[in-house]
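This report concerns only the one structure given below.
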Amino acid sequence: MRFKKLFQPIKVGSMEIRNRLVVPPMGTNHANDDSSVSQHMIDYYTERAKGGFGLITIEVTAVDPTGKAIIREPGLWYDEQIEGYRKLADSIHAYGAKMSVQLHHAGRQTVGAFIDGKQPIAPSSIPCPYCQEVPKEMTTAEVYDMIQKFIDAAERAKKAGADAVEVHGAHGYLVAQFMSSYSNRRV
């Protein structure tokens, strides 16, 4: 066999995964309209656990309602959302897989229609070339508040039974926006 370790367990920190097969986070738009976990979402990820994947990372999960990049993005910005994630984790765990949750905020890379008509937020008031809406520049206090929202969402994921979390810092979303002079002109 060419990939001898593919089906062997692996440890990531203290978490042991049954094999090296991973479902990466992909935006499915399967959450309910209120960003809660839907039965369709549970079924979708459970099928991957049944199929033998060792680690399943749940798609972009907004830490705040202003951070959705897709219309039916799941969220973990309030405690009432924990129960849906708990059902999802239980279903995935029932088939021997581990569950990770990708925590996310779109920053300027969204449109008002996805975030209840609100203005997108960003490190600086520079429009996203793709979405083209002018974002509101975050104050320093709002930046610290957003950091806490990521922490709170991670704690909710843990309470729901997630085995790990991933902070989405790619593709031009909020975390990446802070790291680039293309989108961040803060002094």
Count the lysine pairs in the chain that are 8 or more places apart or on different chains: how many have C-alpha atoms under 14 angstrom apart?
9
Here the range 23-38 yields Karplus 3J(HN,Hα) values (6.51, -1.76, 1.60; θ = phi - 60°; whole Hz; Gly and Pro given as x) of 8, x, x, 9, x, 9, 6, 8, 5, 5, 4, 8, 6, 7, 5, 9
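Taking loop as defined by DSSP and a crowding limit of 15 other beta carbons within 10 Å, which chymotrypsin sites (Phe, Trp or Tyr not before Pro) in the range 37-94 fit? Intermediate results must be reported in sequence, preceding the final value.
Numbers: sites: Tyr44, Tyr45, Phe53, Trp77, Tyr78, Tyr85; in loops: Phe53, Trp77, Tyr78.
Of the chymotrypsin sites (Phe, Trp or Tyr not before Pro), the ones in loops of the range 37-94 whose Cβ has at most 15 other Cβ atoms within 10 Å are Tyr78.
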In debye, nearest 20, what is the charge dipole magnitude of the range 1-143 about its Cα centre with +1 on Lys and Arg Cβ and -1 on Asp and Glu Cβ, if you could check?
1060
Counting only residues 5 or more places away or on other chains, whose amide H sits under 5 Å from the amide H of Val60 once H atoms are built in the peptide plane?
Met26, Gly27
Check: C-alpha center the range 67-114 vs C-alpha center the range 27-48, spacing in Å is 9
Residue range of the chain that is longest and free of trypsin sites (Lys or Arg not before Pro) which are both DSSP loop and sparsely packed (at most 14 other C-beta within 10 Å)
6-117
Qualifying chymotrypsin sites (Phe, Trp or Tyr not before Pro) for the range 118-162 [loop in DSSP, other Cβ within 10 Å: at most 15]:
Tyr130
3J(HN,Hα) from dihedral phi, the range 72-89, Karplus parametrisation 6.51/-1.76/1.60, rounded to Hz, x for glycine, proline
10, 6, x, x, 9, 9, 8, 4, 5, 7, 4, 4, x, 5, 5, 4, 5, 4
Quick check for you: with a 1.4 Å probe and neighbouring chains kept, what is the accessible area per residue of the range 44-176, in Å²?
43
Dipole of the range 45-163 [Lys/Arg +1, Asp/Glu -1 at C-beta], most positive-end residue of Ala122, Ala49, Ala157:
Ala49
Lys, Arg +1 and Asp, Glu -1 on Cβ, resulting dipole of the range 73-187 about Cα centre, debye, nearest 20
240
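With a 1.4 Å probe and all protein chains left in place, how much of the accessible area of the range 118-170 comes from carbon and sulfur atoms, in whole percent?
Values: 1680 of 2970 Å².
That fraction is 57 percent.
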Out of residues 5 or more away from Arg72 or on other chains, whose amide H comes under 5 Å of its own, with H placed 1.01 Å from N in the peptide plane?
none
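Suppose we keep just the DSSP beta bridges with both residues in the range 1-134; what percent of those would be antiparallel, to 5? Write out the running numbers ahead of the final one.
Working: 3 of 12 bridges.
Expressed as a percentage, antiparallel bridges in the range 1-134 total about 25.
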List, in order, the whole-Hz ³J(HN,Hα) value for each residue of the range 145-162 obtained from phi through the Karplus relation with A = 6.51, B = -1.76, C = 1.60 and θ = phi - 60°; use x for Gly and Pro.
5, 5, 4, 5, 5, 5, 4, 4, 5, 4, 5, 5, 4, 4, 4, 7, x, 5
Given backbone amide H placed at 1.01 Å from N, residues whose amide H is under 5 Å from that of Cys128, ignoring those fewer than 5 places away on the same chain, are Glu133
Using Cα-Cα distances under 8 Å and only pairs 6 or more residues apart, what relative contact order does the range 2-43 have, in percent?
23
Scan [x] 0.98; [y] 1.01; [z] 1.45 for the value of Rg/Rh (Cα atoms, Kirkwood Rh) calculated from this model and give just the label.
[y]
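At 37 °C and 0.692 mPa s, grab the translational diffusion coefficient of the range 2-86 from Stokes-Einstein with a Kirkwood Rh over Cα pairs, rounded to a whole number in µm² per second.
Numbers: Rh = 14.1 Å.
My calculation gives 233 µm²/s for D.
The values are calculated or read from the model by the stated rules, or taken from the named source; none is laboratory data. Owing to the predicted nature of the structure, the values given are computational and were not obtained by experimental measurement. Note that we place each Cβ from the backbone using ideal geometry, even for glycine, and neighbour counts take in every protein chain shown. Calculation scope for accessible area: heavy atoms of the full protein, side chains included, ligands and nucleic acids excluded. Shrake-Rupley method; radii C 1.70, N 1.55, O 1.52, S 1.80 Å.
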